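Peer 1: Next up is a structure, given as structure tokens.
The values are calculated or read from the model by the stated rules, or taken from the named source; none is laboratory data. These numbers come from a predicted model, not from an experiment. Note: ideal-geometry Cβ built from the backbone for every residue, glycine included; neighbour counts use all protein chains shown. Note: accessible area is taken over every heavy atom of the protein model, side chains too, but ligands, DNA and RNA are not part of it. Shrake-Rupley method; radii C 1.70, N 1.55, O 1.52, S 1.80 Å.
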Amino acid sequence: MNQDKKNQFNRIKRLLKQESAVLIAHYYTSPDIQKLAEETQGFVSDSLEMARWGAAHDASTLIVAGVKFMGETAKILSPEKRVKIISTDATCSLDLGCPEKEFKDFCAQNEDRTVVVYANTSAQVKAQADWVVTSSCAVDIVDHLHMEGQSILWAPDKYLGQYVQSQTEADLLLWDGACIVHEEFKVAGLKSMKALFPHAAVLVHPESPGGVIALADRVGSTSQLISAAENMEQDTFIVATDVGIFYKMQQKIPGHKRLIEAPTAGKSATCKSCARCPWMAMNTLDQLEYALLHDEHDVYVEEQVCKQAIVSIDRMLHFTLKT
Ligand code: 13P
Ligand code: SF4
């Protein structure tokens, strides 16, 4: 680390202390941000555990390094705390692709269905849902609802929805949304890579298209993929998810294991298709320092929306504690 970066790390550490703030980072943020969270007794995790950890921590300010929906979930669960997001522009294609009004109409047309939404949605969409799920618990929760005989309205990720459907055989009516990062993993490229590394295990995030999931040895949330790389016996892993995950995965696996990026449709340099979420990449050290010094990074969620959204989020948190 060069001296400038060391100085910036130290300034940010001082600011975190002054503000009684903790840094909660998603695995897709840069190695610098994840390292800072680790060095300041913050937390690096998947979206489910980020929500749980922030709510349980006694810091008066939570700094969320991730995207907008993660900041909103933190605020909904801890309305008494100050919650800041590193980049106010950092959103998610799933959130953008599921506007509140259209979603309301979709629900109104299908009133007989239980509404299950992925965490990657706005607070206003969560407020209309019966359940919120993340990729780490979606299959278990939908399976539970299916066993109770419920039909489900699912939004917004159609690929995750199709995967959940294949695992549970539940009746799911799907919204047509997708993650622009995972959608770029392609079957042909992955097959060619598997041919080059025939003994490698393929790890896939379930926001990927079905054909890619079909080639996986393990499908799971970011935390589940990290555990898979740690615990599976293979020593080479082809990883189909945002490359930010490599920082923590590399830390967790023994030295003889090797990680390879799954191929995407384009070349990294084009940025269209580089297995790098453009919104997660907005979580820079400069933005973090700025956010600590300015009020405009505070997350606000209307009281009424908070009151409604917390019901569906709490259901998920309670369900996942029991299982
Ligand atoms: P996880 O819940 O697996 O961390 O995923 C969040 C996300 O945005 C994946 O693209
Ligand atoms: Fe959204 Fe995809 Fe980025 Fe995750 S990786 S935040 S799902 S756009």
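Peer 1: Taking θ as phi - 60°, what are the ³J(HN,Hα) couplings along the range 138-154 by the Karplus curve (6.51, -1.76, 1.60), each to the nearest whole Hz, with x for Gly and Pro?
Peer 2: 4, 4, 5, 5, 5, 4, 4, 5, 4, 4, 7, x, 8, 8, 10, 9, 10
Peer 1: Sort V299, V187 by accessible area with a 1.4 Å probe, largest first.
Peer 2: Order by accessible area, largest first: V187, V299.
Peer 1: Let me ask something additional. Quick one: which residues, 5+ away or cross-chain, put their amide H under 5 Å from the amide H of V83? H built at 1.01 Å from N.
Peer 2: L62, V299
Peer 1: Identify all lysines with a Cα-Cα distance to K307 below 18 Å; exclude those on the same chain that are fewer than 8 residues away in sequence.
Peer 2: Those lysines meeting the cut-off are K75, K81, K104, K126.
Peer 1: Could I ask something else about it? Over the range 51-120, one equal point on each Cα, no solvent: what is log10 I(q)/I(0) by the Debye formula at q = 0.24 Å⁻¹?
Peer 2: Ignoring solvent entirely, the Cα scatterers give -1.02.
Peer 1: What do you get when you divide the Cα radius of gyration of the range 79-179 by 2.2 N^0.38 Å, with N the number of residues?
Peer 2: 1.09
Peer 1: A further question on this structure: Give me the orientation-averaged projected area of the Cα convex hull of the range 192-264, in nm², one decimal.
Peer 2: 4.4 nm²
Peer 1: OK, next. Per-residue HN-Hα couplings for the range 176-189, Karplus 6.51 cos²θ - 1.76 cosθ + 1.60 at θ = phi - 60°, whole Hz, x for Gly and Pro?
Peer 2: Ordered by residue, 3J(HN,Hα) equals 9, x, 8, 8, 5, 7, 6, 5, 7, 6, 10, 4, 4, x Hz.
Peer 1: Per residue, how many Å² of accessible area does the chain show with a 1.4 Å probe?
Peer 2: 44 Å²
Peer 1: Among the DSSP beta bridges whose two residues both lie in the chain, what percent are antiparallel, rounded to the nearest 5?
Peer 2: The antiparallel fraction comes to roughly 5 percent.
Peer 1: Still on this structure, I have one more. Once every DSSP H run of n ≥ 4 in the chain is given -39500 (n - 2.57) and the sum is divided by its residues, what mean residue ellipticity at 222 nm do you get, rounded to the nearest 500 deg cm²/dmol?
Peer 2: Computed ellipticity for the chain at 222 nm equals -13000 deg cm²/dmol.
Peer 1: Can I ask one more? Tell me, what HN-Hα J-couplings in whole Hz come from the Karplus equation 6.51 cos²θ - 1.76 cosθ + 1.60 at θ = phi - 60° for each residue of the range 245-260, using x for Gly and Pro?
Peer 2: Rounded to whole hertz, the list is 5, 5, 4, 6, 4, 4, 4, 7, 8, x, x, 7, 8, 10, 10, 10.
Peer 1: Evaluate the charge dipole of the range 101-223 about its Cα centre and quote only its size in Debye, nearest 20, assuming +1 on the Cβ of each Lys and Arg and -1 on the Cβ of each Asp and Glu.
Peer 2: 500 debye
Peer 1: Ignoring ligands, DNA and RNA, what percent of the accessible area of the chain is carbon or sulfur (1.4 Å)?
Peer 2: Taking all protein chains in place, the chain shows 49 percent carbon and sulfur surface.
Peer 1: Mind checking Rg over Rh on the chain, alpha carbons, Kirkwood formula for Rh?
Peer 2: Rg/Rh for the chain comes to 0.96.
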